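**Q** Got a structure for you, questions after.
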Ligand SMILES: [Mg+2]
Ligand SMILES: [Zn+2]
């Protein structure tokens, strides 16, 4: 089974410093859903791992988060893309939970749910904490420059081996090219 783990805000949809608090505010980055469709066609199951502290901050409730994800699934379906599962952390930093990235809790849950090791599984994020959570879980970190990505790139301190791409579409193009190449044994 081939998995890929994506952050949501700033990777699939445009991010906002004021949080994505309603379905109307969830707007896909051009090419991101089509990139997910290409992943699906190449046999990847696409999983989201997303910090959603807006829940803990009471900026939106679970019903609204579900409605946002329904909009996302519908938009994905329209271009033939399938997002297999959405894992999210509803907590704030002060809650000191195990699931909020840069901690690895959501990645561990994904590993359990799909009964696979995450070693070598690509992960894509626009924030350092996305890449850190993936890296400590054995994933291969990929930074995109959409969302907070430019700022993350400037700040530096990325996990070893992090690859940098303009956006998810470019990352996926590169991934599918490299996996099409014969692998050395
Ligand atoms: Mg993000
Ligand atoms: Zn949490």
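**Q** Distance in nm between label sites at residue 16 and residue 94, each 7 Å beyond Cα in the beta-carbon direction?
**A** 2.4
**Q** To make sure I understand, if each residue's beta carbon is the centre and we count other beta carbons within 10 Å, what order do 168, 145 fall in, fewest to most? Write out the running numbers ahead of the final one.
**A** Numbers: 168 27, 145 17.
Sorted ascending by nearby Cβ count, the order is 145, 168.
**Q** Now, a different point. In µm²/s, what is D for region 1-92 at 10 °C and 1.306 mPa s, where D = kT/(6 pi eta Rh) by Stokes-Einstein and Rh is the Kirkwood radius from Cα pairs? Present the calculation step by step, with values, prior to reporting the outcome.
**A** On the way: Rh = 13.4 Å.
Rounded to a whole number, D works out at 119 µm²/s.
**Q** Estimate the FRET efficiency between residue 57 and residue 115 by the formula 1/(1 + (r/R0)^6), using the beta-carbon distance for r and 30 Å for R0, to the nearest 0.05. All intermediate terms of the calculation are to be shown ahead of the outcome.
**A** Working: r = 34 Å, r/R0 = 1.13.
FRET efficiency, residue 57 to residue 115: 0.35.
**Q** Report the full-extension gain for the segment residue 85 to residue 129: residue separation times 0.36 nm, less the Cα-Cα distance, to one decimal in nm. Spell out each step's value before the answer.
**A** Working: separation 44, 0.36 × 44 = 15.84 nm, distance 2.02 nm.
So the extension gain works out to 13.8 nm.
**Q** Among 136, 5, 94, rank each residue by its count of other Cβ atoms within 10 Å, from fewest to most, as a rough exposure measure.
**A** Working: 136 14, 5 26, 94 8.
Least to most surrounded, the residues fall as 94, 136, 5.
**Q** I've got another one for you. Rounded to two decimals, what ratio of Rg to Rh does the chain give with C-alpha atoms and a Kirkwood Rh?
**A** Values: Rg = 15.4 Å, Rh = 16.4 Å.
Answer for the chain: 0.94.
**Q** Based on other C-beta atoms within 10 Å, arrange 146, 64, 155 from fewest to most.
**A** Working: 146 25, 64 16, 155 11.
Least crowded to most crowded, the residues run 155, 64, 146.
**Q** Please give the length that would be gained between residue 180 and residue 163 if that part of the chain were fully extended, namely 0.36 nm times their separation in residues minus their C-alpha to C-alpha distance (nm, one decimal).
**A** On the way: separation 17, 0.36 × 17 = 6.12 nm, distance 1.82 nm.
Extra length available between residue 180 and residue 163 comes to 4.3 nm.
**Q** To the nearest 0.05, what FRET efficiency results for residue 136 and residue 73 with a Förster distance of 41 Å applied to their C-beta separation?
**A** Numbers: r = 29 Å, r/R0 = 0.71.
Given R0 = 41 Å and the Cβ-Cβ separation, E is 0.90.
**Q** Of 114, 88, 135, which is the most mobile in a GNM of the chain whose springs link Cα atoms less than 10 angstrom apart?
**A** 114
**Q** Post the alpha-carbon centroid distance, region 135-185 to region 25-70, in whole angstrom.
**A** Spelled out, the Cα-based centre of one part sits 19 Å from the other.
**Q** How much of the DSSP bridge set in the chain is antiparallel, in percent, rounded to the nearest 5? Write down the numbers at each step before the final one.
**A** Numbers: 1 of 22 bridges.
Expressed as a percentage, antiparallel bridges in the chain total about 5.
All of the numbers you see were taken from the coordinates with simple rules; none came from a lab. As the structure is a prediction and not an experimental result, all values here were calculated from the model. Positions of Cβ are backbone-derived with ideal geometry, glycine not excepted, and every protein chain shown enters the neighbour counts.
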